[in-house]
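First comes the structure, then the notes that go with it.
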Amino acid sequence: MTTTTTTTTYWTETDSPVGRLLLTAAPDGALTSLSVPGQKGGRSVQDGWRHDTGPFRVAEEQLAAYFAGELTEFRLPLRAEGTAFRERVWGALDAVSYGTTTTYGEIAARIGASRPAVRAVGGAIGANPLLILRPCHRVIGADGSLTGYAGGLERKTRLLTLESARG
């Protein structure tokens, strides 16, 4: 006999200076995604998801404080599921401090990946389901250029400007 467990996904939307944000969470309140309109690979509300603002109160407060320039580090339970490689890359993103930038090569070095793995690191960063909360916007090209961002380069620029970190 096989049993199927269905995990409820909770969702809410909130306004921000970079557009309306879609947040999803697991039943235990851990955030599973933050998407922006038009995001490459972003999520959209699915049938069966439960709209409930309750699990997101703290996240909304912290996001508001971040956009007001009053918060430099999110303290929220995050749960993004991916391959072991992606999870290592995402963990390295978590270590990139507010107001700083890093490069794809530096992220690769942090996780012990080879130089040829930089492209795979870029793919893992691009697949980050927790935009803003997991700061993939702080990753720039080796030459200092603002390269790829699933939320769009205009949003990346706005987030870096907010943090006063310029590539």
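Quick notes
- The one condition in (1) open to solvent by less than 50 Å² (accessible area, probe 1.4 Å); (2) in contact (Cβ under 8 Å) with a residue 24 or more places away in the chain; (3) not in a helix (DSSP H, G or I) that residue 72 fails to fulfil: (1)
- Out of 106, 163, sole residue that is acidic (Asp, Glu) and within 22 Å of residue 71 (Cβ to Cβ): 163
- Helices (runs of 4 or more DSSP H) contained entirely in the stretch 83-163, each with at least 3 residues that are open to solvent by 30 Å² or more (accessible area, probe 1.4 Å) and within 22 Å of residue 16 (Cα to Cα): 153-162
- Residue satisfying all of: in the stretch 9-31; open to solvent by less than 40 Å² (accessible area, probe 1.4 Å) and not in a strand (DSSP E or B); nearest to residue 62 (Cα to Cα) among these: 16
- Being among the aliphatic types (A, V, I, L, M), at pLDDT below 95 and over 15 Å from the mean Cα position of the chain (by Cα) is a condition met by at least one residue of the stretch 62-70.
- Neighbours by Cβ (under 6 Å, 6+ apart or cross-chain): first from the stretch 30-51, under 18 Å from residue 80 (Cα atoms) and without any contact (Cβ under 8 Å) to a residue 40 or more places away in the chain; second among the aromatic types (Phe, Trp, Tyr) and open to solvent by 30 Å² or more (accessible area, probe 1.4 Å): 45/11
- Flag if residue 57 is part of a loop (DSSP other than H, G, I, E, B) and not aromatic (Phe, Trp, Tyr): no
- For the stretch 38-61, residues that are more than 14 Å from the chain's Cα centre (by Cα) and either open to solvent by less than 40 Å² (accessible area, probe 1.4 Å) or at positive phi (or both) total 4.
The values are calculated or read from the model by the stated rules, or taken from the named source; none is laboratory data. Only a predicted model underlies this, so the values are computations on that prediction, with no experimental measurement involved. Glycine also receives a Cβ, built like all others from the backbone with ideal geometry; neighbour counts cover every protein chain displayed. Surface areas here come from the heavy atoms of the whole protein model, side chains and all, with no ligands, DNA or RNA. Shrake-Rupley method; radii C 1.70, N 1.55, O 1.52, S 1.80 Å.
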